[in-house]
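See below for the structure under consideration.
We did not get these values from a lab; they are worked out from the coordinates using the rules stated. Values in this document were obtained by computation on a predicted structure and should not be read as measured data. Using ideal geometry, Cβ is built from the backbone for each residue, glycine included, and neighbour counts are taken over all protein chains shown.
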């Protein structure tokens, strides 16, 4: 081992740090050098694969699936722990996986200690700068390769596990050398009566190259991520039609596109917005899942840095902050390099929703972490293998495809999770959610949306469902609130004008959100008066297969007759009023709602018969989901 020339940095040490360093000098035999390997960087989604340590000049290793008691006992004996980036990484994983663990209060994180003396970067970069070398047999192995070594071990390569353990022990051995060098640069001197300590003698014990017997490791049955069939078999989600789009920030760069039907994926690359829209609509998806930010941070008006709210509201959304907190790397939506992507994603989502297609925002990287699939940084073959083992079929397994196409497959899979009720929405009341998979199902309200032309019987049907225990809400009630705020009368004319203005100004989603918010705590909900495809898209996005859309229709003369019975005016006046109301802006899109309906029910004037039909539809739907 060769050391570089050191520049002494004898600045006065803070008392707490000096006391910790002195404590380590007093008890070197009880100072534990520790390092963990994991399946990824997120302590929230990933898990520990290997824990290695050196204590009292002896090496120790815990391998996932084995008995953790020796490792926990060793930590219990230690009075101090030395790690590299352990405060932010190792400790969080250990506490997450072993909640009762007692990590020593004295924790020396070498990353911060090295920074104090001007040594910056990761552990291996600092080792190289100092000429420290414990890695003769594992050149080229880094933290990312360590993840793949574990995946190779899971697939039967025991030598990959041996390499992983050797790599882990090399990390631990080098820590003592970094510790010694940092102490020297600090000018740290222990008690004059004490013998000088070389911590590298304690971090690199003579037995570090003697690996544990891996015979038992080869026979362990380790937990694995569930497959497509295990998650979705027997549910409607098993046959869901989802388009996934791994969007780029420019039409000049092709985007990955996937049509996922059930578990079969067809992929291609598409460039222009026009081409993406045309191919997606032609696929007739039940849901579109886009890998792109689909909303702005609350308070922001544009994606660009000259936005007047730039300084006050920043460039990150709540969902991005939450993913960061969970240890998932994600770019802020309004980072300069992300601005055009965000603008493009919002534009495409708005267009799809106007045509009645539900759209969710997905993030393939987070989904792959949760599904235990190596990210695309591991290489095309590993991502293909992970998707194939999950159960996705298609030509992508035998043909050369781009990373963007593989991420588009993952985006589509997120849509399947969402339809199955196995998803988490990271968002707020003012920021549309980012959807990520969740492996445990949570209760989702059953929601029925009712649409149809004037006087077809929508409210009669919805009120019948209310009598069956559904919480009743309708779009016009929110519109009434808005009219009252403006001091306007609550009549059909002003309701239609307000509804048309809301849709024209792009606030239809806000109206839908407020309509649902009135009954948000209910387990069964009926929403009366869907009029625009955006209404359908919103409810399908929110509730997946727990949303049922019923279109109520009747002959025009029957509807005109019912309309006239509501008014005491003359038949001529009522006829004119009916035609005027039917021709209003808010009624023009009602015909577009029919092809979006799960069921169309004709109201022939016999209310009891219509409600019996609804009851049959309701029972069949509840049995399906």
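Remarks
- With 10 Å bins from 0: P(r) over the range 338-398, alpha-carbon pairs, percent: 19, 33, 33, 15
- Considering only the range 15-219, percent of DSSP beta bridges that pair antiparallel, nearest 5: 65
- Looking at the chain, the DSSP beta bridges with both ends there are about 45 percent antiparallel.
- Axis of helix 556-565 versus longest Cα principal axis of the chain: the two differ by about 80°, to the nearest ten degrees.
- Averaging the Cα positions of each part gives two centres, and for the range 398-473 and the range 349-369 these lie 11 Å apart.
- Two-site FRET efficiency, residue 393 against residue 19, from Cβ-Cβ distance with R₀ of 56 Å, rounded to 0.05: 0.35
- Classification of the range 15-219 by its C-alpha gyration tensor yields a prolate form. The axis ratio a/c (a ≥ b ≥ c) is 1.5 or more, and a/b outweighs b/c.
- Taking label positions 7 Å along the Cα-Cβ direction at both residue 622 and residue 484, the computed distance is 3.3 nm, reported to one decimal.
- Mean-position separation - Cα centroids, the range 297-313 and the range 118-148, in angstrom: 41
- Value of relative contact order over the chain, rounded to a whole percent, pairs C-alpha under 8 Å and six or more apart: 12
- Computed over the range 15-219: relative contact order in percent, which uses C-alpha pairs under 8 Å that are six or more apart: 25
- The distance separating the Cα centre of the range 5-82 from that of the range 487-562 comes to 59 Å.
- Taking 7 Å steps out from each Cα toward its Cβ at residue 273 and residue 492 produces label points 3.8 nm apart.
- Whether the range 226-339 is rounded, prolate or oblate, judged on the alpha carbon gyration tensor where a/c under 1.5 counts as rounded: oblate
- 222 nm mean residue ellipticity, helices alone, for the chain (DSSP H n ≥ 4; -39,500 (n - 2.57); rounded to 500): -13000 deg cm²/dmol
- 0 to 90° range, to nearest 10: angle between helix 380-390 axis and the chain longest Cα axis: 60
- Contact order for the range 222-269, expressed relative to its length and based on alpha carbon pairs under 8 Å spaced 6+ residues apart, stands at 30 percent.
- Debye-formula intensities of the chain, expressed as log10 I(q)/I(0) at q = 0.09 Å⁻¹, are -0.84 (one equal scatterer per alpha-carbon, no solvent).
- For the range 446-624, average projected area of the Cα convex hull in nm²: 10.2
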